[in-house]
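Q: Just passing along the structure, written as structure tokens.
Please treat every number below as a calculation from the coordinates, not as lab data. Everything quoted here is computed from the prediction, not taken from an experiment.
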């Protein structure tokens, strides 16, 4: 009964919830790397790139633009993908 009735009905919700949690994890990692609690210095992270660019913001303000845009596009794309999957898996949306 679990494999026939319950699991197929919650499978879509599990995928959707995991897709909506990915941008939160990306932002948390970027924030921790920004404040210095993330990956070590030789490794690259969006948060560490933003932190390095923020330190030299007064002399080179253009350096912060690309990592911020990449972070925003990644988070927006995962949110839009999760929204599309929610619409695809929602049985109420299929009736409309």
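Q: Please give the helix 46-55 orientation as an angle from the longest Cα principal axis of the chain, in degrees from 0 to 90, rounded to the nearest 10.
A: For 46-55 against the chain, the angle is about 30 degrees.
Q: Most fluctuating residue of 25, 33, 44 in a GNM of the chain with Cα springs under 10 Å: which is it?
A: Maximum among the listed residues: 44.
Q: Whole percent per 10 Å bin, from 0 to the bin with the longest distance: what is P(r) over all C-alpha pairs of the chain?
A: So the P(r) values, bin by bin, are 15, 32, 23, 16, 11, 3, 0.
Q: Give the distance, in whole Å, between the Cα centre of region 1-29 and the Cα centre of region 64-94.
A: For region 1-29 versus region 64-94, the Cα centre distance is 15 Å.
Q: Which residue, 23, 40, 67, tops the fluctuation ranking in a GNM of the chain built on C-alpha contacts under 10 Å?
A: Maximum fluctuation in the GNM of the chain, among the listed residues, is at 40.
Q: Could you work out [θ]222 nm for the chain from helices alone, using -39500 (n - 2.57) per DSSP H run of at least four and dividing by all its residues? Round to the nearest 500 deg cm²/dmol. Before the final figure, lay out the partial values.
A: Values: 4 runs with 67 residues, N = 96.
Helices in the chain give a 222 nm mean residue ellipticity of -23500 deg cm²/dmol.
Q: With an 8 Å cut-off on Cα pairs and a minimum separation of 6 or more residues, tell me the relative contact order of region 2-91 in percent. Show your work: numbers first, answer last.
A: Working: 64 pairs, mean separation 30.7, N = 90.
Relative contact order here is 34 percent.
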